Amino acid sequence: GAGVSQSPRYKVAKRGQDVALRCDPISGHVSLFWYQQALGQGPEFLTYFQNEAQLDKSGLPSDRFFAERPEGSVSTLKIQRTQQEDSAVYLCASSPREGPNYGYTFGSGTRLTVV
Amino acid sequence: EDQVTQSPEALRLQEGESSSLNCSYTVSGLRGLFWYRQDPGKGPEFLFTLYSAGEEKEKERLKATLTKKESFLHITAPKPEDSATYLCAVPKTDSWGKLQFGAGTQVVVTP
């Protein structure tokens with residue numbers, strides 16, 4: 001497809017379970033971002049890749065969060081030992097070049113609920 | 001600290017009733033201000049980039065303007081399909097690539 005694809009769309013995890021969220025960016029897009037969005041709030045930055053290099057991971061809330069983009073295309077956000085406060089929508093965005101000036105294309109997100 | 005504040009939190013309009021949304025920001029050295037639209041269950045959709053005070057951008061019934069401290073999104077003669085949450089964002093001071101979003105304004109347009 002032409003857009004950013006995220007899977008699964010919904011994930012329910014038991015507290016303490018590990019989860020993996022997948023993002024397929026638009027083909028050829030250099031930059032890839034992960035954001036976390038709580039209900040009623042704007043997205044919060046988690047991490048940023050340029051090709052396969054993770055240039056910024058300052059927004060990851062704890063060392064339980066890990067992201068990778070090994071071949072510079074598909075990315076996975078992994079959360080270990082999930083906690084209730086991890087419940088949120090996780091959004092992936094991609095851009096054809098470095099920087100936001102041309103707008104980021106966001107996926108529809110993965111809604112994670114930790115019970 | 002970079003901050004983006006949007007007001008009002010929610011806005012209910014009759015079809016055809018024009019209004020404006022506000023986005024105020026504090027960031028060192030603005031390198032652009034971005035407006036996005038978000039529909040329920042979807043990711044944000046890019047609308048506009050504004051770079052300097054006095055700049056204006058238009059798209060259909062939407063017009064975005066920028067001053068040194070705030071931006072406005074004007075909705076002229078809205079239709080029900082304009083119902084959405086409108087988000088503004090600025091690049092963080094420490095990194096051009098990552099955006100600081102406001103909490104958004106939820107707009108509902110009734111027929």
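The values are calculated or read from the model by the stated rules, or taken from the named source; none is laboratory data. None of these values were measured; they are calculated from a predicted model. So basically every Cβ, Gly included, is an ideal-geometry build from the backbone, and we count neighbours across all protein chains shown.
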Worksheet item: Hey, among the residues in region A:94-115 that are under 18 Å from residue A:11 (Cβ atoms) and over 12 Å from the mean Cα position of the chain (by Cα), which one's nearest to the other protein chains (Cβ to nearest Cβ)?
Response: A:113
Discussion item. Can you tell me how many residues within region B:30-50 are assigned to a loop (DSSP other than H, G, I, E, B), out of contact with any Ser or Thr (no Cβ under 7 Å at 6 or more places or on another chain) and within 8 Å of another protein chain (Cβ to nearest Cβ)?
Written reply: 1
Worksheet item: With (1) surrounded by 18 or more Cβ atoms within 10 Å (Cβ to Cβ); (2) part of a loop (DSSP other than H, G, I, E, B); (3) within 8 Å of chain A (Cβ to nearest Cβ); (4) not charged (D, E, K, R) as the list, and residue B:103 as the residue in question, which single condition is left unmet?
Response: (1)
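Based on this model, can you work out whether residue B:68 counts as within 13 Å of another protein chain (Cβ to nearest Cβ) and either assigned to a loop (DSSP other than H, G, I, E, B) or more than 11 Å from the chain's Cα centre (by Cα) (or both)? Please lay out each step first, then the result.
Working: within 13 Å of another protein chain (Cβ to nearest Cβ): no; either assigned to a loop (DSSP other than H, G, I, E, B) or more than 11 Å from the chain's Cα centre (by Cα) (or both): yes.
For residue B:68, the condition - within 13 Å of another protein chain (Cβ to nearest Cβ) and either assigned to a loop (DSSP other than H, G, I, E, B) or more than 11 Å from the chain's Cα centre (by Cα) (or both) - is not met.
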Practice prompt. Check whether at least one residue in region A:65-80 is among the hydroxyl-bearing types (Ser, Thr, Tyr), closer than 26 Å to residue A:97 by Cα, part of a strand (DSSP E or B) and modelled with pLDDT of 95 or more, and report yes or no.
Written response: yes
Worksheet item: What tally of residues in region A:53-72 results from selecting those that are within 14 Å of residue A:23 (Cα to Cα) and either within 14 Å of another protein chain (Cβ to nearest Cβ) or buried (at least 18 other Cβ atoms within 10 Å of the Cβ) (or both)?
Response: 2
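Go over the candidates B:65, B:85, B:26, B:5 one by one and state the one that is of a type in the set (Val, Ile, Thr), exposed (fewer than 15 other Cβ atoms within 10 Å of the Cβ) and without any contact (Cβ under 8 Å) to a residue 60 or more places away in the chain. Break it down stepwise before answering.
Numbers: B:65 fails: exposed (fewer than 15 other Cβ atoms within 10 Å of the Cβ); B:85 fails: exposed (fewer than 15 other Cβ atoms within 10 Å of the Cβ); B:5 fails: without any contact (Cβ under 8 Å) to a residue 60 or more places away in the chain.
Only one candidate passes the filter, namely B:26.
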Discussion item. Going residue by residue through region A:8-19, is there one that turns out to be under 28 Å from residue B:51 (Cα atoms), surrounded by fewer than 14 Cβ atoms within 10 Å (Cβ to Cβ) and within 14 Å of chain B (Cβ to nearest Cβ)?
Written reply: no
